[in-house]
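Everything on this sheet refers to the single structure shown next.
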Amino acid sequence: MKRFLLLTVLSVFAISLAACSKTDDAKSIAIVTSAAGQNDNGYNESAVDGAKKIKDEFGVDYHVVDTTDVPGALEQLAESGYELIFSLEYNFDALVNGVGGAKSIAEKYPDTTFVVFNDNPNLNEDGTVKHENVISVVFDVHESSYLAGALSVSVLENASTLFDASTYSFADLDVDGRSIGFIGGVQSNGITVFSYGFVEGINRAAADLNVNYDYYTDYSAGFGDPVSGSTISNTMYQNGVNVVYSVAGVVGDGVASKANELDRLAIQVDANKDADQPGSILTSVLKNTEVPVYQITKAFIDEKIGDLDNALSYDLDSGATGMTDLAEIEKMVTASGMTKWNEIKTYIETLATEIADGTVTVTDAQSGETLDTTTLTNVTVK
Amino acid sequence: MKKTISNILNVFMPILLAFLIGAIIMIAIGENPIEVYGILIEKSLLDQKGLLKTIHTASPLILTALAIAISFKANIFNMGVEGQMLLGGFFAGVIGFTFEGLNPVIHITLSIIVGVTVGILFALIPAILKAKFKVNELVVTLMLNYAALEFVRFLAEGPFRDHSSGYVSTPMISESSMFKRLFESEITLFTIIVLIVFVIMYFVFKKTKLGYEIEAIGKNRDFSEATGMNVGKKIIIIFIISGALSGLAGAGHMMSDQMRFTMSFSGNPGLGWDGMLISLLGMHSPLGIIVAAVFYSALITGSESIAVFTSVPREIILIIQSLIILFLSIKMISKNAKAVAILEKITNKILRKDNKGVKK
């Protein structure tokens with residue numbers, strides 16, 4: 001009796017509230033963020049920035065959804081009439097394949113275009129496209145990491161020319177050995193793609209300068225704990241590592257602050273974070289989601305979205321990936337070091353051209369390639 | 001009648017209070033609270049698809065909550081439901097993707113058996129330590145969760161990794177081990193299995209000798225021992241049931257919802273911890289658990305809809321969720337005379353300490 005009464009009251013309460021509700025039927029574009037959320041100062045936030053730019057220029061509204069249930073959100077958004085949905089999380093099964101005997105979301109809502117990132121799940125075994133209304137966006141971060149690796153070696157080898165002796169306290173290259181570190185969130189292709197490009201870049205510059213480097217890696221830092229970034233990088237720095245590159249979300253913030261504390265260098269990822277610890281961050285490897293969001297939405301507004309490829313790859317030239325303009329680290333370079341600094345910048349540009357024209361090919365773990373360690377003539381992977 | 005009214009008040013006051021505070025926050029940030037709450041309730045309970053989704057979300061939670069309840073009722077603290085669930089889910093998944101083209105009935109049954117067995121085996125470690133060596137089960141089970149998590153992480157990154165995936169993930173389980181979706185919604189046969197298990201557990205709790213013994217151990221372990229009960233053996237049985245329920249929850253979550261193991265398999269805070277909360281809210285009674293589980297799942301599915309249909313930040317929704325839970329648990333404490341006594345003792349102690357400090 002008690003429970004029935006309770007239920008009745010509950011439902012009356014619920015219905016009366018529901019009666020007041022109305023749903024929002026404005027048609028616009030939607031962005032479903034990844035677990036880090038829309039204020040992550042990087043990957044998700046850049047995508048939202050792209051949508052903001054579109055809104056300012058064309059007046060098309062956008063809606064951002066932070067969710068833990070990506071398939072559910074995609075379905076509800078498509079159901080309520082959104083025609084272009086960006087999904088930043090790594091979660092494709094329900095969208096492309098359908099699970100539990102259900103139709104895939106892409107098939108259920110053919111009038112909606114879904115854009116996914118960092119992988120191309122939209123392929124059949126024979127390489128044909130599964131759904132015309134799914135676009136996958138991949139960033140060539142292995143190429144930008146390659147440049148970051150070459151830059152690290154060039155800067156370390158010329159540190160005494162570039163910087164005032166008191167600016168950094170690098171481990172002596174000839175005494176402690178030459179070494180560079182990498183910290184990844186997890187052991188997966190999405191992370192090793194950065195590491196492989198980076199180590200190949202190190203190898204290239206080391207070979208050009210005729211020196212040998214050690215390469216330390218840790219792929220288990222997770223993505224959420226800056227403290228673990230400090231701890232792991234501290235171990236690396238104490239063992240003579242001078243530059244640590246972290247691809248592990250906010251773990252990188254801990255690495256950068258440790259670099260600042262010990263007067264060494266860190267490399268950040270996703271957004272331009274160079275100014276977070278000025279002078280301690282050599283550069284940030286960019287994965288700028290703003291560019292694809294802007295371009296694809298523009299095509300959508302011009303009704304040319306059908307002309308786009310189903311697999312879009314953003315390389316160094318697109319501006320969606322690359323290194324920062326190095327403005328922060330340049331402030332640390334002394335007047336007498338400027339000539340060398342410009343030399344290094346030219347060297348990096350040469351490498352970028354070589355990548356663009358195909359003289360240099362960088363291992364792309366994202367598309368399933370594995371690193372052939374025998375090609376690393378001047379690097380020992382520890 | 002008086003008691004009924006106080007009961008209703010007890011349930012509704014915290015919800016209304018939480019909604020009220022939430023409404024104030026929403027007005028402050030310029031949102032319409034009536035619209036937001038409307039969506040929360042409409043999309044999770046009143047809309048057919050939403051209601052089925054809520055029940056689907058509740059299914060594994062009912063199991064983890066029962067797993068908690070059976071041990072807490074006996075005053076044995078199995079804090080390891082999360083770990084047992086993770087392992088059960090992971091290995092059910094391994095069976096799911098290893099075999100292909102089996103008869104679905106055989107494949108699903110096999111996956112479930114493996115999930116349940118793994119859950120039981122993992123629960124047996126603290127059970128034997130507790131029953132034979134009187135090792136504190138709270139500490140052991142709590143710490144084993146981390147061991148389980150790191151172990152499945154290792155397996156997912158190493159031997160069972162899906163090489164075509166860019167993130168840490170096992171391959172997707174094959175079609176034949178998936179619970180098929182029913183009525184164009186997210187609900188599957190797994191929910192029916194949960195309901196059957198629920199009925200069995202209800203019977204165990206209320207009508208069997210074991211249920212009575214669990215209650216007796218919970219009330220006074222030494223007395224139960226003195227009356228000739230083999231408490232050690234009962235503890236092992238309790239852990240086996242708890243582990244089996246957890247393993248089943250994990251296996252079901254894998255085969256009806258996740259379809260592959262990723263590091264966010266269990267969500268945040270995790271099915272095991274959510275289950276603990278639900279069990280506490282439901283006062284460790286089966287019927288209470290089912291009501292609490294549906295209510296809690298409605299909050300989850302409803303708040304996902306708020307994110308889709310309004311621009312209220314997710315954090316605000318989480319605040320309202322936690323407020324409801326907080327207020328509900330206050331009610332739970334006020335009903336529990338022992339807890340009140342403990343709270344009083346603690347406050348007295350703190351006060352006395354303060355007084356001493358002043359005197360000095």
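Every read-out reported here was derived from the displayed coordinates using simple, explicitly stated rules and does not represent laboratory data. The model shown is predicted, which means the values in this text are computed figures rather than measured ones. Cβ sites come from the backbone with ideal geometry, for glycine too, and all protein chains shown count toward neighbours.
Please compute the net charge surrounding A:M332, taking Lys and Arg as +1 and Asp and Glu as -1 over other residues with Cβ under 12 Å from its Cβ. Write out the running numbers ahead of the final one.
Values: positive: A:K331; negative: A:D164, A:D263, A:D274, A:E328, A:E330.
Spelling it out: positives minus negatives among the neighbours equals -4.
Report the paramagnetic label zone for B:T98: residues of the stretch B:134-152 whose backbone N is under 17 Å from a point 7 Å from Cα along the Cα-to-Cβ axis.
B:152
Net charge within 14 Å of B:G232 by Cβ-Cβ distance, Lys/Arg positive one each and Asp/Glu negative one each, not counting B:G232 itself? Please list the in-between numbers first.
Details: positive: B:K130, B:K132, B:K134, B:R221, B:K233, B:K234; negative: B:E137, B:E213, B:D222, B:E225.
Taking every other residue near B:G232 into account, the sum is +2.
As a footprinting exposure proxy, order A:K304, B:K130 by other Cβ within 10 Å, with the fewest listed first. Walk me through the numbers on the way to the answer.
Working: A:K304 10, B:K130 23.
Fewest-to-most Cβ neighbours within 10 Å comes out as A:K304, B:K130.
Grab the beta carbon distance between B:L138 and B:L210, set R0 = 25 Å, and tell me the FRET efficiency rounded to 0.05. Don't skip to the end; give the middle numbers.
Values: r = 22 Å, r/R0 = 0.89.
Calculated value: 0.65.
Per residue and in Å³, how big is the convex hull formed by the alpha-carbon atoms of the stretch A:217-273? The partial results should precede the final answer.
Working: hull volume 3.8 nm³, N = 57.
Enclosed volume per residue, from the Cα hull, is 66 Å³.
Tell me the Kirkwood radius of the stretch A:310-357: reciprocal of the mean inverse pair distance over distinct alpha-carbon atoms, in Å. Don't skip to the end; give the middle numbers.
Values: mean 1/r = 0.0794 Å⁻¹.
For the stretch A:310-357, the Kirkwood estimate is 12.6 Å.
Name the GluC sites (Glu not before Pro) in the stretch A:251-307 that are in a loop by DSSP and that have at most 15 other C-beta atoms within 10 Å, would you? Intermediate values should be presented prior to the final figure.
Values: sites: A:E261, A:E290, A:E303; in loops: A:E303.
Sparse-neighbourhood loop GluC sites (Glu not before Pro): A:E303.
Report the calculated FRET efficiency for B:L318 and A:N210 (r = Cβ-Cβ distance, R0 = 56 Å), to the nearest 0.05. Before the final figure, lay out the partial values.
Working: r = 56 Å, r/R0 = 1.00.
So the FRET efficiency works out to roughly 0.50.
Give the percent of DSSP beta bridges with both residues in the protein assembly as shown that are antiparallel, rounded to the nearest 5.
Working: 7 of 48 bridges.
Among the beta bridges of the protein assembly as shown, antiparallel pairing accounts for roughly 15 percent.
Dividing the Cα convex hull volume of the stretch B:167-239 by residue count, how many Å³ per residue is that? Numbers along the way, then the final one.
On the way: hull volume 13.4 nm³, N = 73.
Cα convex hull per residue, to the nearest whole number: 183 Å³.
What fraction, in whole percent, of alpha-carbon pairs in chain A exceed 27 Å separation? Before the final figure, lay out the partial values.
On the way: 38513 of 72771 pairs.
When all Cα pairs of chain A are counted, 53 percent exceed 27 Å.
How long are the three semi-axes of the equivalent ellipsoid for the stretch A:174-303, computed from the Cα gyration tensor as the root of 5 times each eigenvalue, in whole Å, largest first?
On the way: eigenvalues 163, 63, 38 Å².
Output for the stretch A:174-303: semi-axes of 29, 18, 14 Å.
Quick one: Cα convex hull volume of the stretch A:61-198, Å³ per residue?
184 Å³
Return the subset of A:K55/B:K49; A:K273/A:K331; B:K207/B:K234 for which the Cα-Cα distance in this structure is over 26 Å, preserving the input order. Don't skip to the answer; put the middle values down first.
Values: A:K55/B:K49 33 Å; A:K273/A:K331 15 Å; B:K207/B:K234 17 Å.
Pairs exceeding 26 Å: A:K55/B:K49.
Can you divide the C-alpha Rg of the stretch B:129-251 by 2.2 N^0.38 Å and report the result to two decimal places? If you can, show how the numbers build up before the last one.
Values: Rg = 19.8 Å, N = 123, 2.2 N^0.38 = 13.7 Å.
That works out to 1.45 for the stretch B:129-251.
Taking every pair of alpha-carbon atoms in the stretch A:21-139, what share in percent sits in each 10 Å bin, from 0 to the bin with the longest distance?
14, 45, 33, 8, 0
For the protein assembly as shown, compute Rh as the Kirkwood radius over C-alpha pairs and then the Stokes-Einstein diffusion coefficient at 25 °C and 0.890 mPa s; write the answer in µm²/s, rounded to an integer.
Numbers: Rh = 28.4 Å.
It diffuses with D of about 86 µm²/s by this estimate.
Taking the stretch A:34-125, which GluC sites (Glu not before Pro) meet the DSSP loop condition and have no more than 12 other C-beta atoms within 10 Å? Display every interim value, and only then the final one.
On the way: sites: A:E45, A:E57, A:E75, A:E79, A:E83, A:E89, A:E107, A:E125; in loops: A:E83, A:E89, A:E125.
Passing sites in the stretch A:34-125 are A:E125.
Percent of Cα-Cα pairs per 10 Å bin, from 0 to the last occupied bin, for chain B, please list those.
5, 21, 29, 25, 14, 4, 1, 0
Subtracting the Cα-Cα distance from 0.36 nm times the residue separation, let me have the gained length for B:E150 to B:I113 in nm, one decimal. Please report the intermediate quantities before stating the final value.
On the way: separation 37, 0.36 × 37 = 13.32 nm, distance 2.31 nm.
Separation in residues times 0.36 nm, less the Cα-Cα distance, equals 11.0 nm.
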